[in-house]
Amino acid sequence: MNKLSISAKELRTLGYPEGPVIPVTMNVVEKHYKFHQKDEVVLLLQSVLATPEEYKTSPTLGMIAEKLLPKSNPAFEGIGLNEVGIEVSVFGAEHIDQNALNQMSVAAKLPISVAGALMPDAHHGYGLPIGGVLATTNAIIPYGVGVDIGCRMCLSVFDIDPKEISNKPSFFARELAEATLFGSGSQFREPSNHPIMDHEAFGQLPLLQSLHGRAWRQLGSSGSGNHFVEFGVVAIPEKDETLGIEAGNYIGLLSHSGSRALGANIANHYTKVAIDKRRLPQEAKNLAWLSLDEEAGQEYWIAMTLAGDYASACHHIIHDKIAKQLGRTAIKRVENHHNFAWKETHLGKEVIVHRKGATPANKNVLGIIPGSMTADGFIVKGKGEASALHSASHGAGRKMSRTQALSAITQKSLNEILEKHSVKLLGGGLDEAPYAYKDIEAVMQSQTQLVEVIGRFTPKIVKMCGAETNQWRNPKKTKKQIEGE
């Protein structure tokens, strides 16, 4: 008989909050219930979660109940959540896991929350779920913005016959390899110049001043994980006046990355400040906020805005380098960012709208929603849907965690899908394989109310962070053949 165990993900799905109660519960189940039926144990754990006070004297379940019961602290009571949360509009609920729904439910109960929405690519994250949109009153949540502040998409469209990619694959692959560096710690020996490095904010705050040197050395670099720079085919079925490109097929250069170490350090620093200032229940700890009336809130706003501008500069440097090598000027550049907060007016009042992994989609605002390394991305324009807080998804969204993907996906299966779609991959790992992502076509169908599709981008040569960055993957070619091309 197999011994029963329960995972942290399963506990979060049941509604167990992040924190010490998760490992404690896993240990109790492993120690005292390993030979019980899983359904029986799940029902028991649901009962403990619902009424922990009834189990606080239990010799086996008391430890779980203790972690679930509110802590009394006469010196500091902290801030409680509202009993009833604000209404949250959910798009594509069938694509969204319970963990993300639970996280959004907690965010909806914050006393500062006024409106919320969940995009069809949503999945579990820190603080707000990725794909979560939250409007607050005069308050900014660092983890509602995210760690990679200002992470964005940027698309350059070149009036070049897409056949050139297949005719000269080595040339295009080389341009991707030489235009940027990948990896969380990557830095240039000879940094690029850009006006962003002279921004006054670097001199206004000690934190930003201390990050200036590293930010300069990382200017124009790309991150790890799902960040990429890729060539592909842009297909415009008919001319759209907002986009302003004639119908036809073009070469597109698409990039996805954010504010590098600059944004990460800003996020981590001000999250700690927010948590120290506002003690929230454990399940809401990472949703601690800063008021825009206080110094720390004003500082974060300045730093966040700088990180967004810095992320944009990184993309522009990459695109300008490649355009120079192509000997062409892009006929159109489209970009949008997520992991950011905006001051906007909704329902007649100014609010702070956090879009963590969500694309701005105000009326006729252009954006790019990517699929995966083999799935099409979409050029869209927003419809300004108020119930979505003028937002849309920022991609397909993960359906497997990185750990799950690494254990479930093989190199052979990745090679097969790359060959099927005629995609050359430079770098990239199994954790970024297409199988780890939701079906982008289904996700787009879930947000026809939010955006209008006006073009497609089909990936052809994709560069990501990974060990194999100097050759593309093609299972039918030997290393010698690849190096000889």
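The values are calculated or read from the model by the stated rules, or taken from the named source; none is laboratory data. On a predicted model such as this, the values are computed, not experimentally measured, just so you know. Heads up, the Cβs are rebuilt from the backbone with ideal geometry, glycines too, and the neighbour counts pull from every protein chain shown.
Annotation note: of 406, 425, 418, the sole residue that is touching a residue at least 40 places away in the same chain (Cβ under 8 Å) and part of a helix (DSSP H, G or I) is 418.
Going residue by residue through region 220-229, is there one that turns out to be part of a strand (DSSP E or B) and not aromatic (Phe, Trp, Tyr)? Step through it out loud before you land on a result.
First, the residues of region 220-229 that are part of a strand (DSSP E or B): 228-229.
Narrowing further to those that are not aromatic (Phe, Trp, Tyr): 229.
Looking for residues that are part of a strand (DSSP E or B) and not aromatic (Phe, Trp, Tyr), one finds at least one in region 220-229, hence yes.
Residues are listed down the side, and each one gets a yes or a no for (1) among the basic types (Lys, Arg); (2) buried (at least 24 other Cβ atoms within 10 Å of the Cβ); (3) at pLDDT 95 or above:
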| position | (1), (2), (3) |
| --- | --- |
| 127 | no, yes, no |
| 143 | no, no, yes |
| 178 | no, no, no |
| 187 | no, no, no |
| 196 | no, no, yes |
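Looking across region 84-104, the residues that are surrounded by fewer than 17 Cβ atoms within 10 Å (Cβ to Cβ) and either within 14 Å of residue 17 (Cβ to Cβ) or out of contact with any strand residue (DSSP E or B) (no Cβ under 6 Å at 6 or more places or on another chain) (or both) come down to 84, 85, 87, 93, 94, 98.
Taking the condition assigned by TED's automatic domain parsing to the domain that holds residue 256, among the aliphatic types (A, V, I, L, M) and in contact with an Asp or Glu (Cβ under 9 Å, 6 or more places away or on another chain), does residue 219 pass? No; evaluated as a whole, the condition is false for this residue. Within region 20-41, is there a residue that is touching a residue at least 60 places away in the same chain (Cβ under 8 Å) and assigned to a helix (DSSP H, G or I)? The answer is yes; a qualifying residue exists.
Can you tell which of 116, 78 is at positive phi and not β-branched (Val, Ile, Thr)?
On the way: 116 fails: at positive phi.
After applying the criteria, what remains is 78.
Considering only residues that are part of a helix (DSSP H, G or I), closer than 29 Å to residue 322 by Cβ and not small (Gly, Ala, Ser), look in region 183-207 and name the one that is nearest to the chain's Cα centre (by Cα).
The initial filter retains those residues of region 183-207 that are part of a helix (DSSP H, G or I), namely 195-198, 201-204, 206-207.
Checking the rest, the ones that are also closer than 29 Å to residue 322 by Cβ come to 195-198, 201-202.
Applying the additional criterion that residues be not small (Gly, Ala, Ser) yields 195-198, 202.
Working: 195: 27, 196: 24, 197: 25, 198: 28, 202: 26 Å.
Filtering first and then ranking leaves 196.
Screening 320, 309, 276 for residues that are without any contact (Cβ under 8 Å) to a residue 24 or more places away in the chain and either buried (at least 23 other Cβ atoms within 10 Å of the Cβ) or within 29 Å of residue 216 (Cα to Cα) (or both) leaves exactly one candidate, 320.
Step by step: first the residues of region 288-306, then only those that are hydrophobic (A, V, I, L, M, F, W, C) and either in contact with a strand residue (DSSP E or B) (Cβ under 9 Å, 6 or more places away or on another chain) or modelled with pLDDT under 95 (or both), then the one that is surrounded by the most Cβ atoms within 10 Å (Cβ to Cβ). Which residue is that? Looking at the filtered set, the residue picked out is 289.
Take region 335-390 and flag every residue that is assigned to a strand (DSSP E or B), polar (S, T, N, Q) and over 19 Å from the mean Cα position of the chain (by Cα).
The first filter runs over region 335-390 and keeps only residues assigned to a strand (DSSP E or B), leaving 335-337, 340-346, 349-356, 358-360, 366-369, 377-382.
Still in the running and polar (S, T, N, Q): 336, 345, 359.
Result: 345, single match.
For residue 410, the conditions (1) buried (at least 24 other Cβ atoms within 10 Å of the Cβ); (2) among the β-branched types (Val, Ile, Thr); (3) out of contact with any strand residue (DSSP E or B) (no Cβ under 8 Å at 6 or more places or on another chain) are fulfilled apart from (1). Restricting attention to region 427-450, the residues that are modelled with pLDDT under 95 and in contact with a Phe, Trp or Tyr (Cβ under 7 Å, 6 or more places away or on another chain) total 1. Among all residues of region 18-28, there is none that is of a type in the set (Gly, Ala, Ser) and farther than 20 Å from residue 103 by Cα. Restricting attention to region 239-267 and to residues that are among the charged types (D, E, K, R) and in contact (Cβ under 8 Å) with a residue 12 or more places away in the chain, the residue that is farthest from residue 341 (Cα to Cα) turns out to be 240.
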